[in-house]
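Asker: The following block contains the structure, expressed as structure tokens.
The values are calculated or read from the model by the stated rules, or taken from the named source; none is laboratory data. Bear in mind that the values here come from a model prediction, so they are computed numbers and not experimental data. We place every Cβ from the backbone using ideal geometry, glycine too, and count neighbours over all the protein chains shown.
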Amino acid sequence: MSQANVRSVEAIKEFKNSLVTFAEDARVALGAMEMEIRQLRNWLERDQYSYWQGQVKRSKEAIAEALSDLHRRQLSQANSDAVSDSDQKEAVRMAKRRLAEAEDKVGRIKRWVPVLEHALSEYHSQSQPLGDKLSGGLIGTLAMLERMIVALEEYQAIQAPAAPVLRPATAVESAPPPPPTAEAVPAREPASSVETAEGSPESGSTDVEEEDRPDRTPSMESTSAPEP
């Protein structure tokens, strides 16, 4: 049989309160982390990807426009000995640089999305058991602690029965009783023959049997002859 060495019920109550506080803080932390994860995923997969995809499209349009300007500039100065198209060429170069940057950002986002999903999967594999424990298993633990506290308090409330108060014995009461003497036991007197004959039915039946016997010898008084 298992035994528990409980020294303080208050310590169990403090542990229960600390466990409740920890559960509330853990729930808040898990909820805040899930919110940050959702915001990060939306920022990367929706905001950033959409933004840089738009930059790629605008950069291509800017390149097409810059090339068109350059082509018109070159046509306008086709018969001139000095062609001044440096500004149009610089615009084309800047548009191409912006396109390369936008395409690089889109490629980076596409590479980071699987990495993020893998990291989130590892995080959820670690946080999900804690979340399940906080939502389901913790309720049973708190109920067990509550039952333990109630049982211990009821046990402490039990009062042991009071021991009977014995008054001190006097000298006479404490002395042992004297041994019995011969006078205290009356001697039984032997029963007389008359009482035995009258009181015992067996003796009376014996006398009757002796009188009824035919071979009984007559007594001296009955056999003596009468005097003349």
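Asker: I'd like to check something: does region 87-98 contain any residue that is buried (at least 16 other Cβ atoms within 10 Å of the Cβ), part of a helix (DSSP H, G or I), among the basic types (Lys, Arg) and modelled with pLDDT of 85 or more?
Answerer: Looking for residues that are buried (at least 16 other Cβ atoms within 10 Å of the Cβ), part of a helix (DSSP H, G or I), among the basic types (Lys, Arg) and modelled with pLDDT of 85 or more, one finds at least one in region 87-98, hence yes.
Asker: Please enumerate the residues belonging to region 117-130 that are touching a residue at least 40 places away in the same chain (Cβ under 8 Å) and closer than 15 Å to MET35 by Cα.
Answerer: Result: LEU120, TYR123, SER127.
Asker: If you don't mind, another one. Are any of the residues in region 139-153 surrounded by 13 or more Cβ atoms within 10 Å (Cβ to Cβ), without any contact (Cβ under 8 Å) to a residue 12 or more places away in the chain and not aromatic (Phe, Trp, Tyr)?
Answerer: Looking for residues that are surrounded by 13 or more Cβ atoms within 10 Å (Cβ to Cβ), without any contact (Cβ under 8 Å) to a residue 12 or more places away in the chain and not aromatic (Phe, Trp, Tyr), one finds none in region 139-153, hence no.
Asker: Which residue, of SER50, SER127, SER68, SER121, is surrounded by 13 or more Cβ atoms within 10 Å (Cβ to Cβ), among the polar types (S, T, N, Q) and assigned to a helix (DSSP H, G or I)? It would help to see each step written out before you state the result.
Answerer: Numbers: SER50 fails: surrounded by 13 or more Cβ atoms within 10 Å (Cβ to Cβ); SER68 fails: surrounded by 13 or more Cβ atoms within 10 Å (Cβ to Cβ); SER121 fails: surrounded by 13 or more Cβ atoms within 10 Å (Cβ to Cβ).
Residue meeting the stated conditions: SER127.
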